[in-house]
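Down below is the structure, laid out as structure tokens.
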Amino acid sequence: MAPVIDIIVPSYNDKQFLAMLVESLYSNIVGNPFSLTIVDDHSTDGTPDWVMANLRDYATYIRPERKSYFTRAVNFGIEYSRANHRPDYLFVLNSDITFTPYWGAGMVATFLQHKAGVVGATLHNPNGTIQHVGAYGAGFHMDINKVQTRFFDGYAPAWVTGAAMMIRPDVIEDVGLFPILKGPAVQYDASDREFCKNVVMGGYEIRVSPAVLYHHTHVAEAARTAAGDYLNPEMRRIDR
């Protein structure tokens, strides 16, 4: 039986992006069975009603007891998925992502070929240039904003972004969830980078898959800023 992927999407006031994500997800061949878990972090734009009205048959909707912010919402989704869906792979994904054909098969193939613990997608900007194929240090991103001229199958960076990170559940059992480094309502705290550091220290490899996803981060950030979703101008994903 083919491995099952549970896609875990933390969301706050994101219904316009969730609509794009779900449309691209169900209009492309995935290549593996999957489920979709939306972690709504107490949205105020009608997202809960919209999800229940439009995605009742396509997604599991969960909501933390209180507003959790990005890292805690990710962890809440991971814990729920492991307890209730028991997938072969946990795919943490930003809400402003769209898919390409056979992305699931591509991600899983990288896991199987390299026996990786964590695999990141090849993320493109909407114009087709590279946004993320792994990084080093505090934020040195390989080939950022360049036209892609090579595949990154099995490339082993120091860390991959939590915007599109697939994880084996046994890795979570060994190294724990995304670390909470600062208070919840602070500037993005690099929990994805620190999680990857723990993964490597735990003896697992991090790889990049050639599977391409599109990340509409600049459009989303502009929309969230215009809507006043950030508590101050310096805050980004973490305070959603």
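The values are calculated or read from the model by the stated rules, or taken from the named source; none is laboratory data. Since the model is a prediction, treat every value here as computed from it, not as a measurement. Positions of Cβ are backbone-derived with ideal geometry, glycine not excepted, and every protein chain shown enters the neighbour counts. These area figures cover heavy atoms from the full protein model, side chains too; ligands, DNA and RNA do not enter into them. Shrake-Rupley method; radii C 1.70, N 1.55, O 1.52, S 1.80 Å.
Just to verify a result, which residue in the range 1-55, among those that are of a type in the set (Gly, Ala, Ser) and in a loop (DSSP other than H, G, I, E, B), is nearest to Ala83 (Cα to Cα)?
Applying the first criterion (of a type in the set (Gly, Ala, Ser)) to the range 1-55 yields 2, 11, 19, 24, 27, 31, 35, 43, 46, 53.
Those left that are additionally in a loop (DSSP other than H, G, I, E, B): 2, 31, 43, 46.
Working: Ala2: 20, Gly31: 24, Ser43: 24, Gly46: 28 Å.
In this case the residue turns out to be Ala2.
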Q | Which listed residue is of a type outside the set (A, V, I, L, M), outside any loop (DSSP other than H, G, I, E, B) and open to solvent by 60 Å² or more (accessible area, probe 1.4 Å), from Tyr80, Tyr58 | A | Tyr80
Q: All but one of (1) modelled with pLDDT under 95; (2) open to solvent by less than 10 Å² (accessible area, probe 1.4 Å) hold for Ile5, so report the exception by its number.
A: (1)
Q.
Restricting to the range 86-107, give me the number of residues that are closer than 14 Å to Val212 by Cα and basic (Lys, Arg).
A. 0
(Q) Give all pairs with beta carbons closer than 6 Å in which a residue from the range 197-208 that is in contact (Cβ under 8 Å) with a residue 60 or more places away in the chain meets a residue that is part of a helix (DSSP H, G or I) and acidic (Asp, Glu); count only pairs at least 6 apart in sequence or on separate chains. (A) Gly202/Asp174
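Being modelled with pLDDT of 95 or more and open to solvent by 10 Å² or more (accessible area, probe 1.4 Å) is true for just one of Tyr155, Tyr136, Tyr102. Which residue is that?
Details: Tyr155 fails: modelled with pLDDT of 95 or more; Tyr136 fails: modelled with pLDDT of 95 or more.
Of Tyr155, Tyr136, Tyr102, the one residue that is modelled with pLDDT of 95 or more and open to solvent by 10 Å² or more (accessible area, probe 1.4 Å) is Tyr102.
Out of the residues in the range 185-194 meeting the condition of being open to solvent by 50 Å² or more (accessible area, probe 1.4 Å) and either of a type outside the set (S, T, N, Q) or assigned to a strand (DSSP E or B) (or both), tell me which one is modelled with the highest pLDDT. Explain how you work it out, then say what you get.
Step one: of the range 185-194, the residues open to solvent by 50 Å² or more (accessible area, probe 1.4 Å) are 187-188, 193.
Now narrow it down to the ones that are either of a type outside the set (S, T, N, Q) or assigned to a strand (DSSP E or B) (or both): 188, 193.
Details: Tyr188: 50, Arg193: 92.
Only one residue fits best here, namely Arg193.
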Q) Are any residues in the range 47-66 over 19 Å from the mean Cα position of the chain (by Cα) and either charged (D, E, K, R) or modelled with pLDDT of 95 or more (or both), and if so, which ones? A) Asp49, Arg56, Asp57, Glu65, Arg66
Q) Given the conditions (1) at pLDDT 95 or above; (2) open to solvent by 60 Å² or more (accessible area, probe 1.4 Å); (3) of a type outside the set (Asp, Glu), which single one is not true for Arg168? A) (2)
Q: Among the residues of the range 5-44, write down those that are in contact (Cβ under 8 Å) with a residue 60 or more places away in the chain and in contact with a His (Cβ under 8 Å, 6 or more places away or on another chain).
A: Asp6, Tyr12, Phe17, Met20
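Right, Ser35: among the small types (Gly, Ala, Ser), open to solvent by 10 Å² or more (accessible area, probe 1.4 Å) and more than 14 Å from Pro210 (Cα to Cα) or not?
Working: among the small types (Gly, Ala, Ser): yes; open to solvent by 10 Å² or more (accessible area, probe 1.4 Å): yes; more than 14 Å from Pro210 (Cα to Cα): yes.
Against the criterion (among the small types (Gly, Ala, Ser), open to solvent by 10 Å² or more (accessible area, probe 1.4 Å) and more than 14 Å from Pro210 (Cα to Cα)), Ser35 qualifies.
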Q) Would a scan of the range 39-49 turn up a residue that is touching a Pro at 6+ places or on another chain (Cβ under 6 Å) and under 30 Å from Ala109 (Cβ atoms)? A) yes
(Q) What pairs come out if I take residues in the range 99-126 that are at positive phi and pair them with residues that are crowded, with 24+ Cβ neighbours inside 10 Å whose C-beta lies under 9 Å away, six or more apart or interchain? (A) Tyr102/Ala211
Q: Check off (1) in contact with a helix residue (DSSP H, G or I) (Cβ under 8 Å, 6 or more places away or on another chain); (2) of a type outside the set (D, E, K, R); (3) open to solvent by 10 Å² or more (accessible area, probe 1.4 Å) for Thr44 and give me the number that stays unchecked.
A: (1)
Q) Counting just the residues of the range 83-138 that are out of contact with any Gly (no Cβ under 8 Å at 6 or more places or on another chain) and in a helix (DSSP H, G or I), which one comes out nearest to Gly203 (Cα to Cα)? A) Phe111
Q: Give just the number: which of (1) over 12 Å from the mean Cα position of the chain (by Cα); (2) within 25 Å of Tyr12 (Cα to Cα); (3) surrounded by 24 or more Cβ atoms within 10 Å (Cβ to Cβ) does Met107 not satisfy?
A: (2)
